[in-house]
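Working notes, structure below.
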Amino acid sequence: MKIAITGKGGVGKTTFSSMLSRMFSQDGYRVVAVDADPDANLALALGFPKDTYDSIVPISEMKNLISDRTSADTGSFNKMFKLNPKVDDIPENYCKEYNGVRLLTLGTVDSGGSGCVCPEHVLLKRLCSHLILQNKDVVIMDMEAGIEHLGRGTAQGVDAFVVVVEPGERSLQTYRKVKKLGKDIGVKRVFVVGNKIRNKEDEEFIMSNLEDGESLGFIYYNQDVINSDRSNQSPYDVSEETRKQVKVIKDKLMELQTCNA
Ligand SMILES: Nc1ncnc2c1ncn2[C@@H]1O[C@H](COP(=O)(O)OP(=O)(O)OP(=O)(O)O)[C@@H](O)[C@H]1O
Ligand SMILES: [Mg+2]
């Protein structure tokens, strides 16, 4: 299963990505969690100890790796370099592992406008493509907020976009945009997780905005989840109740995955 978690800023993408990754790992799957947000913080949500967290170097900043694999220096735009750099060993050798989840932090590519062809971008795109199309592990990508970056294609080929929404019009608008963009780049399935839910009315509001079969379920607003963020704990470790809600979502995702396989 390869999924990209998307949605408006602050809706809970990283919280959900981390909990889902932990849960798959707990259930015995090999999991690669990909932090595809330039403002990377998935490691914190996965509960990585501070020294490990501090030692993380995003792939896009690994200058030697990039120039070695692409035969070009980083930051060299439109010069000659390999368009098919070797990447298959990167997930294994350049990830950080904790609680059974292997984390790859992609970092920022200074794209220099759309249609960027710099060595960093080529390497990252090929790495993602390898993870999505060839790697056998469960891959969960925590994406940058919004939709602009989705056109860059790092998530191309995923089985589904999972859009996290809150019970409000603004995040639902982002969901509609993601859905349209998903179609444009060939991601057929778009599912929705309602987060920060307070009551049945919130659930109904979200459901009334979705098509049949799109909802994976709901995660209720939980003060313990916020507190976990404040104390640098993994939200997975703080609330049995929220874990149960994420389990329902995970089971539904797997059921839909099998149905459509
Ligand atoms: N179910 C929940 N109950 C309470 N607080 C939540 C819940 N889910 C997420 N939060 C809180 O909302 C805030 C934003 O969450 P998170 O960082 O996961 O969002 P995000 O979509 O990844 O944000 P960004 O767009 O900045 O990457 C955090 O403080 C988090 O603790
Ligand atoms: Mg985030």
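What percent does the relative contact order of region 106-227 come to when contacts are Cα pairs within less than 8 Å and at least six residues apart?
Across region 106-227, relative contact order equals 20 percent.
Place a point 7 Å from the Cα of Asp184 along the Cα-to-Cβ direction; which residues of region 118-157 have their backbone N under 11 Å from it?
It comes to 147-152, nothing else.
Compare Ser71, Ser17, Ser171 in a GNM of the chain, Cα atoms joined below 10 Å, and give the one with the largest fluctuation.
In the Gaussian network model the winner is Ser71.
In percent, what relative contact order does the chain have, based on Cα pairs under 8 Å that are 6 or more apart in sequence? Mind showing how you got there, number by number?
Numbers: 480 pairs, mean separation 69.2, N = 261.
The value is 27 percent.
When the chain is fully extended, how far beyond the present Cα-Cα distance does Thr108 get from Ser55, taking 0.36 nm per residue of separation?
17.4 nm
Neighbouring Cβ atoms within 10 Å as the yardstick, rank Arg243, Arg69, Arg230 fewest first. Kindly include the intermediate steps, with their values, before the conclusion.
Values: Arg243 16, Arg69 22, Arg230 7.
The most exposed by this proxy come first: Arg230, Arg243, Arg69.
So, with +1 on the Cβ of K and R and -1 on the Cβ of D and E, and no other charges, what is the size of the charge dipole of region 140-195 about its Cα centre, to the nearest 20 debye?
Roughly 300 debye for region 140-195.
Which net charge results for the neighbourhood of Ile249, defined as the other residues with beta-carbon distances under 12 angstrom from its beta-carbon, given Lys and Arg at +1 and Asp and Glu at -1? If you can, show how the numbers build up before the last one.
Numbers: positive: Arg243, Lys244, Lys247, Lys250, Lys252; negative: Asp251, Glu255.
It works out to a net charge of +3.
Give me the number: length gained by fully extending Asp27 to Glu240, i.e. 0.36 nm times residue separation minus the C-alpha to C-alpha distance, one decimal in nm. List each step's numbers first, then the result.
Numbers: separation 213, 0.36 × 213 = 76.68 nm, distance 1.57 nm.
That works out to 75.1 nm of additional length.
Determine the alpha carbon to alpha carbon distance for each of Lys86/Lys136; Lys96/Lys177; Lys86/Lys244; Lys86/Lys180 and list only those over 28 Å. If you can, show how the numbers build up before the last one.
Numbers: Lys86/Lys136 17 Å; Lys96/Lys177 33 Å; Lys86/Lys244 40 Å; Lys86/Lys180 32 Å.
Pairs exceeding 28 Å: Lys96/Lys177; Lys86/Lys244; Lys86/Lys180.
From zero up to wherever the largest Cα-Cα distance of the chain sits, split into 5 Å bins and tell me the percent of pairs in each.
All Cα pairs, binned at 5 Å, distribute as 1, 6, 14, 18, 20, 17, 12, 7, 4, 1, 0, 0 percent.
Suppose every K and R has +1 on its Cβ and every D and E has -1 on its Cβ; what is the size of the dipole of region 215-261 about the Cα centre, in Debye to the nearest 20?
100 debye
What is the extension gain from Gln233 to Lys247, computed as 0.36 nm multiplied by their sequence separation minus the C-alpha to C-alpha distance, in nm to one decimal? Walk me through the numbers before you get to the answer.
Values: separation 14, 0.36 × 14 = 5.04 nm, distance 1.92 nm.
Full-extension gain reported as 3.1 nm.
What is the distance, in nm, between label points placed 7 Å from the Cα along the Cα-to-Cβ direction at His130 and at Glu255?
So the label points at His130 and Glu255 sit 3.7 nm apart.
Taking the Cα centre of the chain as origin and charging only Cβ (+1 Lys, Arg; -1 Asp, Glu), how large is the dipole, in debye to the nearest 20?
On the way: 34 positive and 37 negative charges, 126 e Å.
Using only the charged Cβ atoms, the result is roughly 600 debye.
Read-outs: derived from the displayed coordinates by stated rules, not from any lab. Predicted model, so just to flag it, every value in this text is computed and none were measured. Quick reminder, even Gly has a Cβ in these numbers, built from the backbone with ideal geometry, and neighbours come from all protein chains shown.
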